[in-house]
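**Q** Have a look at this one before I ask anything.
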């Protein structure tokens, strides 16, 4: 009984050490993915950081980049959030996306906190070859 109580206390303690920002970061990514699903690229562009918005200039340019370079994000089959890591003053959220054909992709979303909330400051496709085997 004492071991069970210790185990529950330990598990709750671990859960409370997760960054408070995790829910907000994941909500931002989910909102952008929802906008992509609705082909609302103007809305999706709003979740990009100011740097990314300057880089692409318009929602139309952003749309072209996403549909041509990140089809798994534009039309995900399944989305699962993995670990969130703090990297200096920013956070990196790993996301596993299974595309419509069943292929698994792991992406790292670099997040930036702004006055308007969390924004996506870049996405990198990581090597997930062993997950597809």
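**Q** Sort the following peptides by mean Cβ neighbour count (other Cβ atoms within 10 Å, averaged over residues), highest first: 77-90, 105-118. It would help to have the intermediate numbers written out before the result.
**A** On the way: 77-90: 11.6, 105-118: 16.4.
Packing proxy ranking, top to bottom: 105-118, 77-90.
**Q** Still on this model: Kirkwood hydrodynamic radius, computed over distinct alpha-carbon pairs, for the range 21-132: how many Å, to one decimal? Working shown, then result.
**A** Numbers: mean 1/r = 0.0709 Å⁻¹.
Radius from the Kirkwood sum: 14.1 Å.
**Q** Run a plain Debye calculation on the range 84-133 (Cα atoms as equal point scatterers, no solvent) and give log10 I(q)/I(0) at q = 0.14, 0.17, 0.26 Å⁻¹, rounded to two decimals, same order as the q list.
**A** Taken in order of the listed q values, log10 I(q)/I(0) reads -0.42, -0.57, -0.94.
**Q** Expressed as a rounded percentage, what relative contact order does the range 21-132 have, with Cα pairs under 8 Å and six or more residues apart?
**A** On the way: 177 pairs, mean separation 24.6, N = 112.
Worked out over the range 21-132, it gives 22 percent.
**Q** With the cut-off at 1.5 for a/c, could you classify the range 58-104 from its C-alpha gyration tensor as rounded, prolate or oblate? Walk me through the numbers on the way to the answer.
**A** On the way: a/c = 3.63, a/b = 1.22, b/c = 2.97.
Oblate shape, in that a/c is at least 1.5 and b/c is the bigger or equal ratio.
**Q** Between residue 21 and residue 46, what is the label-to-label distance in nm when each label sits 7 Å out along the Cα-to-Cβ direction?
**A** It is 2.2 nm.
**Q** For labels at residue 99 and residue 68 in the simple 7 Å Cα→Cβ model, what's the distance in nm?
**A** The answer from the label model is 1.6 nm.
The numbers here are math on the coordinates, done by the rules we state, and not lab data. Owing to the predicted nature of the structure, the values given are computational and were not obtained by experimental measurement. Positions of Cβ are generated from backbone atoms using ideal geometry, with glycine treated the same way; all protein chains shown enter the neighbour counts.
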